[in-house]
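Novice: The structure under discussion is supplied below as structure tokens; questions concerning it will follow.
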Amino acid sequence: MSQKKINVAIVGLGFGKEFIPIYQRHPNTTMYAICQRTRERLNEVGEQYGVAKRYTRFEELIQDPELDAVHINSPIHLHAPQSIAALKAGKHVASTVPAATTVEECREIVEAARAAGKNYMMMETAIYTREFLYIRELRDTGRLGRIQFLRGCHQQEMASWPGYWEGLPPMHYATHAVSPCLALVKGEAEYVSCFGSGRIAEKLAAKYGSPFAVESALFKVRGQPLAFEVTRSLFETARQYIESFDVYGDKAAFEWTQIEDQDPVVHVGEQPERVKVPDYAHLLPEPIQRFTTKGVYDAGHAHLSFIQGGGHGGSHPHLVHEFVSSIVEGRPSFPDVYQSLNWTCAGICAHESALRGGQIVALPVFR
Ligand SMILES: NC(=O)c1ccc[n+]([C@@H]2O[C@H](COP(=O)([O-])OP(=O)(O)OC[C@H]3O[C@@H](n4cnc5c(N)ncnc54)[C@H](O)[C@@H]3O)[C@@H](O)[C@H]2O)c1
């Protein structure tokens, strides 16, 4: 492993805090700075983790010449503007999901990354969970056979979450369901037809002009004889939290568990069997292996969206390792900037289709 060290800053210290101890222990990073608006909270987190460099203004942080990379975990509408500004300031960028909220922002991020020659990676937890890594292994060892269809689903009730979530179009936060489908086939979405179904309270619907309780979409994969389906709900639809991914091959299929804490099912031909999904900590440098099962969220957060499988399926250290390794090795990350923005844009275009009664909407090609 290279001895190179990069200086990383984390922006946004709610979910973002989860990543501090991982960067502190990764062999190729220095947990250089933290940034969030409120000084008091900033200092609290800084003291807790021993991070000395602290910024309340993002604009100042990205002018710091010692800084190599930012990991953005601010509220949704800031992801794109902050990513673009950081890329323009010559920093590598990791951004939590979704990467952006409009097609135009998606295009601007791709252009800024290209112009800067810096890495951009959307930190999509769903493609580094132990379930995804297990399915990837089924693919790579030929056990799935030829992939025939994929399905992602993400249902959550977000009534009491911070205000910017209220009334959010379900497909504007679709990456947890879209990304595993596309990541498994190393693909991008070409076009989409999406239907909106049901209605949410007028007060919620008015916020983003989005009336649907559920949005359900069919996507075509560009250049491959494949389609995949994605279903999302955010409000007023009863169900336990689920972030699931199913794949059907000609030899075997993987189906996510229906209820948390049950084991998923692998069907070999027509024979179903419940399987124990292993952990993939061995793929990581030793100092961060512990974080596939433990996170700072364990103590304070009980919501399934955070703790499901121990920190989003153990994905956090894998995400950090991929982002950091891609910079150190001078290669694109997985997902790279094109995949990241296609996977985000897929949801934005799906919502557009739903507003037009299911009409097919083609995604722009950013490459
Ligand atoms: N599985 C996942 O990938 C996953 C899970 C949870 C959250 N998230 C994403 O992480 C983001 C943050 O989630 P959260 O629950 O911590 O949200 P939050 O609203 O609780 O916290 C946002 C943080 O950003 C900071 N912030 C706000 N404006 C800022 C600015 N201008 N400059 C710097 N910092 C600023 C706030 O002070 C706060 O620390 C969300 O956009 C969400 O999409 C992703």
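The values are calculated or read from the model by the stated rules, or taken from the named source; none is laboratory data. Remember, predicted model here, so these are calculated numbers, not experimental data. So basically every Cβ, Gly included, is an ideal-geometry build from the backbone, and we count neighbours across all protein chains shown. Surface accessibility is based on the protein's heavy atoms, side chains included, excluding ligands, DNA and RNA. Shrake-Rupley method; radii C 1.70, N 1.55, O 1.52, S 1.80 Å.
Novice: Give the shape of segment 239-295 as rounded, prolate or oblate, defined through the alpha-carbon gyration tensor: a ≥ b ≥ c are the square roots of its eigenvalues, a/c under 1.5 means rounded, and otherwise the shape is prolate if a/b is larger than b/c and oblate if not.
Specialist: oblate
Novice: Also: I need the peptides 341-353, 64-76, 235-247, 94-106 ranked by packing, meaning the mean over residues of other C-beta atoms within 10 angstrom, with the highest value on top.
Specialist: 341-353, 94-106, 64-76, 235-247
Novice: When you have a sec, figure out the Kirkwood radius of segment 33-139 from all distinct Cα pair distances and drop it here in Å to one decimal?
Specialist: It works out to 15.1 Å.
Novice: Taking segment 55-144, which trypsin sites (Lys or Arg not before Pro) meet the DSSP loop condition and have no more than 16 other C-beta atoms within 10 Å?
Specialist: R57, R143
Novice: Now, a different point. In whole Å, what three semi-axes, largest first, describe the equivalent ellipsoid of segment 89-224 built from its Cα gyration tensor (square root of 5 times each eigenvalue)?
Specialist: Computed over segment 89-224, the values are 27, 22, 15 Å.
Novice: Something else about it: Treating cross-link reach as a plain straight distance, find the aspartates and glutamates whose alpha-carbon is under 17 Å from the alpha-carbon of K276, omitting any fewer than eight places away in the same chain.
Specialist: Within reach: E131, E137, D246, E255, E260, D261, D263.
Novice: Mind checking the dipole of the chain: about its Cα centre, +1 per Lys or Arg Cβ, -1 per Asp or Glu Cβ, Debye to the nearest 20?
Specialist: Computed about the Cα centre, the dipole is about 580 debye.
Novice: Of P180, A217, Q82, which is farthest on the positive side of the dipole of the chain, counting Cα position, with +1 on Lys and Arg Cβ, -1 on Asp and Glu Cβ, and the Cα centre as origin?
Specialist: My answer, from the dipole projection, is Q82.
Novice: Could you work out the mean projected area of the convex hull around the alpha carbons of the chain, in square nanometres to one decimal?
Specialist: Answer in nm², one decimal: 17.6.
Novice: Additional query: Picking from A201, V97, A253, whose Cα lies most toward the positive end of the charge dipole for the chain (charges on Cβ: Lys, Arg +1; Asp, Glu -1)?
Specialist: V97
Novice: Please say if segment 59-98 is rounded, prolate or oblate, where rounded means a/c under 1.5 for a ≥ b ≥ c the square roots of the C-alpha gyration tensor eigenvalues, and otherwise the choice is prolate for a/b larger than b/c and oblate otherwise?
Specialist: Prolate, since a/c reaches 1.5 and a/b exceeds b/c.
Novice: Looking at the square roots a ≥ b ≥ c of the eigenvalues of the Cα gyration tensor of segment 32-86, which shape do they give, rounded for a/c under 1.5, prolate if a/b is larger than b/c, or oblate?
Specialist: Judged from the Cα gyration tensor, segment 32-86 comes out oblate (a/c at least 1.5, b/c at or above a/b).
Novice: Too long at a 19 Å Cα-Cα cut-off: which of K53/K91; K17/K118; K4/K118; K186/K220; K118/K220; K5/K118?
Specialist: Checking Cα-Cα distances, K17/K118; K118/K220 exceed 19 Å.
Novice: Excluding E166 itself, what net charge comes from residues whose Cβ is under 10 Å from its Cβ, given Lys and Arg +1 and Asp and Glu -1?
Specialist: Within the 10 Å Cβ shell, the charges total +2.
Novice: How do K17, K53, K207 stack up against each other in accessible area, from largest to smallest, with a 1.4 angstrom probe?
Specialist: Putting K17, K53, K207 in descending order of accessible area: K207, K53, K17.
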